[in-house]
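Colleague: Dumping the structure here so I can ask a few things about it.
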Ligand SMILES: [Fe+2]
């Protein structure tokens, strides 16, 4: 690299590596992120001579189909966080910095299986939406952070016009048997229509 000439533009990153959340009660949040979301704990902060009294912090990872990743999410206990809101809402909810965190399930079948599992555990679905690029259910963690569990639609569905796919939303039932129905065949294909020069 030519040191005398700094780059004119930043490198575009690959994406988000991991997310660290402040939580009021580490054990309560551990239960949510392992038993409800399904992540596995892979580590925790331990005392060292340089850091004899570390914060209570644990690290969690998903399953990337054999691809190793050290952690997707970590939790840090911060007991003085404000009281969590009773309900979660995407646009009109409590004044929390985190709106929602989206978690990808492996595929449509496992996503449907997970929805059934959540309903069986009595987890409230705050919102269910077919977006143009994902089918999603929204729940919330014990701190009031929204959690979107989704499966991805094939890239050919949304890559032709990502903005249109992002603006598309079909709101679906959140309770009972209807909340477990997924109509994958109804997905529109998003394509930019080119203006025809006359
Ligand atoms: Fe989202």
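Colleague: Return yes or no: is residue 163 more than 30 Å from residue 24 (Cα to Cα), within 16 Å of the ligand (Cβ to nearest atom) and surrounded by fewer than 18 Cβ atoms within 10 Å (Cβ to Cβ)?
Modeller: yes
Colleague: Hey, which of the strands (runs of 3 or more DSSP E) in segment 124-185, taking only ones fully inside, have at least 1 residues that are free of Cβ contacts under 8 Å to residues at least 40 places away in the same chain?
Modeller: 127-131, 134-140
Colleague: Criterion first (in a strand (DSSP E or B) and free of Cβ contacts under 8 Å to residues at least 40 places away in the same chain) does residue 15 satisfy it?
Modeller: Judged against the criteria, residue 15 is not a match.
Colleague: Taking the condition of being closer than 18 Å to residue 27 by Cβ, at pLDDT below 95 and not in a loop (DSSP other than H, G, I, E, B), how many residues in segment 43-95 meet it?
Modeller: 0
Colleague: Residue 180 passes all but one of (1) over 26 Å from residue 75 (Cα atoms); (2) more than 16 Å from the ligand (Cβ to nearest atom); (3) touching a strand residue (DSSP E or B) at 6+ places or on another chain (Cβ under 7 Å); which number fails?
Modeller: Answer for residue 180: the failing condition is (3).
Colleague: Also, I was wondering about something else. Name the single residue that is nearest to the ligand (Cβ to nearest atom) among those in segment 96-113 being within 15 Å of residue 22 (Cα to Cα) and not in a strand (DSSP E or B).
Modeller: Taking the candidates together, the pick is 99.
The values are calculated or read from the model by the stated rules, or taken from the named source; none is laboratory data. This one's a predicted model, so the numbers in the text were calculated from it and none came from an experiment. All Cβ positions, glycine included, derive from the backbone under ideal geometry; neighbour counts span all protein chains shown.
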